[in-house]
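Step one of this worksheet: look at the structure below.
The values are calculated or read from the model by the stated rules, or taken from the named source; none is laboratory data. The shown structure was predicted, so the numbers you read here are calculated from the model rather than taken from an experiment. As a convention, Cβ positions derive from the backbone with ideal geometry for all residues, glycine included, and neighbour counts pool all protein chains shown.
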Ligand SMILES: Nc1ncnc2c1ncn2[C@@H]1O[C@H](COP(=O)(O)OP(=O)(O)OP(=O)(O)O)[C@@H](O)[C@H]1O
Ligand SMILES: [Mg+2]
């Protein structure tokens, strides 16, 4: 397997569980003894907040590593409290990322280039958390990735939005044909609600095997995790709902990567 495997977690719809999935999938992989780097490419800094808390005002962050030739990715990476999981955090200078990317040479390939400077044996997986819109940062994320994973909240019908997202990815694919869809992941599922089963049925009918079999059920414990800098694996016992769901997601993720890598 080519190391590291880079995965963009994306959906231009907000609040669908992108950040929660990056945190808990990364933590799940780390539990299975994989070495993982999570990259926070969202100005909202939710991933950074969830894993290590906000950075000091003048600290360098992923935005500096992507836009400045004299700041390396390695330099801005920090350890998290979760063993085996590091983070390339987002900080104050993230607000200028889109604007600064406009004027740098090779503006769509900057993140890929930054990742290529890391020791290739250091991480097994790099998961990138993206903002809920498609801009130069998201394009950098996709171009740096072998796979993209799309969390879809089961709380509303998202078909039009998802087709639009796939169209955008296809445009990038014309020049970077190696990016593959790792799958749609249903989040915030509540099978007692008809909207939830409707979304699930339609998604599975439309995208078939591109939808993860594993789902993430709605779970208030997941809401408390960011404040405590915990993953769901620390917040719940192994029998817990979120613990079970994200471990299933992690195992299916590994199987899907293995299958696509083999093809
Ligand atoms: N399975 C779940 N059940 C209940 N709440 C959840 C679940 N997953 C995530 N949440 C909560 O829902 C909110 C949105 O989740 P999250 O921040 O992961 O979404 P996002 O897609 O990253 O949002 P944004 O687009 O703003 O970056 C958060 O408060 C999070 O704690
Ligand atoms: Mg987020």
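Some notes on this structure:
- Across the range 130-157, the qualifying residues are those that are under 13 Å from the mean Cα position of the chain (by Cα) and assigned to a loop (DSSP other than H, G, I, E, B), and the one among them that is nearest to ligand 1 (Cβ to nearest atom) is 132.
- Scanning the range 1-43 for residues that are within 11 Å of ligand 1 (Cβ to nearest atom), over 18 Å from residue 139 (Cβ atoms) and assigned to a loop (DSSP other than H, G, I, E, B) yields a total of 4.
- Where residue 114 falls short, out of the listed (1) assigned to a loop (DSSP other than H, G, I, E, B); (2) more than 15 Å from ligand 1 (Cβ to nearest atom); (3) farther than 26 Å from residue 245 by Cβ: (1)
- Here residue 56 passes the criteria (1) touching a helix residue (DSSP H, G or I) at 6+ places or on another chain (Cβ under 7 Å); (2) more than 14 Å from ligand 1 (Cβ to nearest atom); (3) at pLDDT below 95 except the one numbered (1).
- Options 199, 160; residue that is in contact with a strand residue (DSSP E or B) (Cβ under 9 Å, 6 or more places away or on another chain) and either outside any loop (DSSP other than H, G, I, E, B) or modelled with pLDDT under 95 (or both): 199
- Residue check for residue 141: buried (at least 17 other Cβ atoms within 10 Å of the Cβ), closer than 26 Å to residue 28 by Cβ and touching a residue at least 40 places away in the same chain (Cβ under 8 Å): yes
- Among (1) away from ligand 1 (no atom under 12 Å from the Cβ); (2) within 27 Å of residue 81 (Cα to Cα); (3) surrounded by 20 or more Cβ atoms within 10 Å (Cβ to Cβ), the one test that residue 219 misses: (1)
- Filter result for residue 253 (within 25 Å of residue 169 (Cα to Cα), modelled with pLDDT of 95 or more and touching a strand residue (DSSP E or B) at 6+ places or on another chain (Cβ under 8 Å)): yes
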